[in-house]
Amino acid sequence: MSATVLVGAQWGDEGKGKAIDRIAPDTDIVIRYQGGNNAGHTVFADGVKLGLHLIPSSILHARPVPMLGDGVVIDPEALFAEIDALAAHGIDCSRLKISGNAHLTMPYHRALDGVIERHLGRAQLGTTKKGIGPTYADKAARIGIRVQDLLDVKIFEQKLEINVREKNAVLSKIYNRMPLDGKQILAQYAAFAERLGPHIADTGRLVHDALTAGQAVLFEGAQGTLLDIDHGTYPFVTSSSPAAGGACTGTGIGPRFIDRVVGICKAYTTRVGAGPFPTELLDEVGDHLGAVGAEFGVTTGRKRRCGWLDAVLLRYAARLNSLSDLFLTKLDVLSGLETVRIATAYVCDGQRTEVFPANQTLFHHAEPVYEELPGWSDDLSSAKKFGDLPANAQRFVERVEELGGVPIRWIGVGPGRDETIER
Ligand code: IMP
């Protein structure tokens, strides 16, 4: 039995695609457990760069069956665009299985995401505008439409009618927007239903049966720990549960099955959208990290905010997810800096703390306490084993391991598939 959860240890964009690419070939199933097409991974197929948003990044590998679990939200239009782009490069997605319990992102969710953000003005979250928040809001309000509803036209039509009536009132009366055409949505989703039908499956049962038969399953988290709706930097979070606990609720698997939780963490920190970020660098070092690390969102193209690695957040992610191993990505991006820093603690309102403040106001005022280490200038991309790294890079990795309290099993030293050191 082997059930591994793969979770972002920061604010997303840690390089989970690369980590999955490394681990997935040895697994039988890769299942996404939350989020929607707000996520983004870059893959290379046929030498062509493609962005994946919903399809598990393991799609390039023959062995694992790709699945989208109950906790995922699915925009069929986005899903089929992705499937078609992959098919154009010879990648077949016919094996993709989708939970009937997953919720559908509808055109009114996308419309609402945009107008709500505008309405929030200076308080806006900087969402991806993919309709994620409104889809999860309807799920919690129990008026959401699920993938399985597509299999019953009557039910689908009833649920759609209730929603369109309510959403059109909100869009037109509160936000002064044009109402959406329910009939058009019905026709569009009826066509999606035909295509989606063969993919709909009881994914929870399939994963359970695979695990009890001794197969290996990878639970793929999107976004990251600090974007978790319950445990992240609320309200600057996404609307789902990226933390490892979400792997169980988002797939229907009991917690006793999980035997490994791999955290993915960059050698520095990035964040997109608004919200507190204690180690953010608004200087030339931040520009260096952004430029060398190509820190632009795969989903929105937005420039990511960059800063030093934050060990306070790493320890929080280690505790919250019960991390068993770490995959440290993008170590090469730090090459060329004279010195490198890691935040080891914060000073919040005059008090030093080594733990993530439970009070959000304190976190907003957190001043990082840094440890400075000597940098290195060598190109790391040809390093095959830990001993090949320059002594100062080795020291940095060992210090991250000590400060985070989690063994670093993999180290990313370049964007390529082979540019990973395994310890
Ligand atoms: P939403 O998930 O589109 O509602 O956006 C909520 C917040 O999560 C925003 O700050 C987004 O920038 C952030 N976010 C959503 N998905 C990702 C991701 O895949 N990587 C990094 N940030 C994300």
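Picking from His231, His61, His119, which is most flexible by a Gaussian network model of the chain using Cα springs under 10 Å? Greatest mean-square fluctuation among the candidates belongs to His119. For the chain, the residue among Ser335, Ala201, Tyr33 whose Cα projects farthest onto the positive side of the dipole built from Cβ charges is Ala201. In percent, rounded to a whole number, the relative contact order of the chain is 19, using alpha-carbon pairs under 8 Å and six or more apart. GNM remark for the chain: springs join alpha carbons under 10 Å apart, and the peak mean-square fluctuation among Leu227, Leu112, Leu206 falls on Leu206. GNM remark for the chain: springs join alpha carbons under 10 Å apart, and the peak mean-square fluctuation among Arg110, Arg256, Arg319 falls on Arg256.
Between helix 203-212 and the chain, what is the angle of the helix's C-alpha long axis to the longest principal axis, kept within 0 to 90° and rounded to the nearest 10? It works out to around 50 degrees.
Classified by the C-alpha gyration tensor, region 165-234 has an oblate form. Its axis ratio a/c, with a ≥ b ≥ c, is 1.5 or above, and a/b does not exceed b/c. What is the distance in Å between the Cα centres of region 161-215 and region 26-59? If you average the Cα positions of each part, the centres end up 21 Å apart.
Using Cα-Cα distances under 8 Å and only pairs 6 or more residues apart, what relative contact order does region 48-87 have, in percent? It rounds to 48 percent for region 48-87. Farthest towards the positive end of the charge dipole of the chain, among the residues Tyr136, Thr251, Gln158, is the Cα of Gln158, using unit charges on the Cβ of Lys, Arg, Asp and Glu. Against the chain, whose longest principal axis comes from its Cα atoms, helix 311-321 is set at around 50 degrees.
Footprinting exposure proxy ranking of His103, His89, fewest other C-beta atoms within 10 angstrom first, gives His89, His103. Helical runs (DSSP H, four residues minimum) scored at -39500 (n - 2.57) apiece and divided by the length of the chain put the mean residue ellipticity at 222 nm at -9000 deg cm²/dmol.
The angle between the Cα long axis of helix 76-87 and the longest principal axis of the Cα atoms of the chain comes to about 60 degrees, rounded to the nearest 10. Cα gyration tensor of region 120-207, axes a ≥ b ≥ c as square roots of the eigenvalues: rounded (a/c below 1.5), prolate (a/b > b/c) or oblate? Note, shape of region 120-207 comes out oblate.
Over all projection directions, the Cα-based convex hull of region 249-394 averages an area of 11.1 nm².
This model, with +1 at the C-beta of Lys and Arg and -1 at the C-beta of Asp and Glu, gives region 81-125 a dipole about its Cα centre of some 180 debye. Relative contact order of region 40-161, taken over Cα pairs closer than 8 Å and 6 or more residues apart, is 21 percent.
As a rough guide to protection, the peptides 347-357, 75-85 ranked by mean Cβ packing within 10 Å, highest first, stand as 75-85, 347-357. Oblate is the label for region 1-64, because the ratio a/c of its alpha-carbon gyration tensor axes (a ≥ b ≥ c) is 1.5 or higher and a/b is not greater than b/c.
Between amide H atoms placed 1.01 Å from N, distances below 5 Å from Leu52 occur with His41, Thr42, Val43, all of them 5 or more places distant or on a separate chain. Applied to region 91-99, the Karplus parametrisation 6.51 cos²θ - 1.76 cosθ + 1.60 on θ = phi - 60° returns per-residue 3J(HN,Hα) values of 9, 8, 10, 5, 7, 4, 10, 10, 5 Hz, with x for Gly and Pro. For the chain, the Cβ-based charge dipole about the Cα centre amounts to some 1020 debye (Lys, Arg positive; Asp, Glu negative; other atoms uncharged).
Read-outs throughout are calculated quantities, based only on the coordinates presented, and are distinct from any laboratory measurement. Note that the coordinates shown come from a computational prediction; the quantities given were computed from them, not determined experimentally. With ideal geometry, Cβ positions are generated from the backbone for all residues, glycine too; neighbour counts draw on all protein chains shown.
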